[in-house]
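First comes the structure, then the notes that go with it.
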Amino acid sequence: MTHCLDEAFEFLSGLERKQYEKILYNIRKSQVELDPELFKKLSDDIWEFRTLYQGLQYRLLAFWDKTSTINTLVVSTHGFVKKRSKVPDNESKKLEKMKAYTLDQVQDKLIGKIGTPKRDIFEYELQMD
């Protein structure tokens with residue numbers, strides 16, 4: 001499962017529709033197919049979703065949240081248009097600051113806090129799988 005933090009969503013929202021659709025297509029494709037052209041490890045815990053579209057390199061930096069024993073979540077922190085071959089240091093540092101966003105926080109935001117009816121149903125369905 002992939003989740004975009006607000007800053008990543010804002011980056012995507014600021015793009016033209018074709019660019020946005022191509023990036024989302026590549027994210028979906030990388031969830032079912034291991035392709036370093038689409039999702040590449042940059043360091044121990046920094047990854048990037050990669051999209052080349054009309055000569056521009058679009059990047060969404062991400063990390064794996066493996067705090068859950070049931071689900072692994074890829075959290076995309078922010079995006080940028082890459083102008084050179086190396087990822088700028090300030091972009092990697094930005095990800096490190098945003099990495100504190102955990103799977104539980106994402107689930108609280110998207111599904112609801114523990115104890116709410118929607119979250120209870122979600123937790124029950126996870127146990128049934």
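Couple of notes before you dig in:
- Peptides 44-50, 110-116 ranked from most to least packed by the mean count of surrounding Cβ atoms within 10 Å: 44-50, 110-116.
- For residue 82, nonlocal amide neighbours, meaning residues 5 or more places apart or on other chains whose placed amide H falls under 5 Å from its own, are 57, 58, 59.
- Between amide H atoms placed 1.01 Å from N, distances below 5 Å from residue 2 occur with 74, all of them 5 or more places distant or on a separate chain.
- Computed from backbone phi with θ = phi - 60° and the Karplus coefficients 6.51, -1.76 and 1.60, the 3J(HN,Hα) list for region 33-48 is 9, 7, 9, x, 6, 9, 9, 10, 7, 9, 8, 3, 9, 10, 10, 9 Hz; x is used for glycine and proline.
- Cross-link table 40/82; 40/93; 22/82; 93/113; 40/86; 29/86, entries beyond 19 Å C-alpha to C-alpha: 93/113; 29/86
- Separation of the residue 31 and residue 64 label points, Cα + 7 Å toward Cβ, nm: 1.7
No lab work stands behind these numbers, since they all come straight from the coordinates. Source: prediction; values computed, not measured. With ideal geometry, Cβ positions are generated from the backbone for all residues, glycine too; neighbour counts draw on all protein chains shown.
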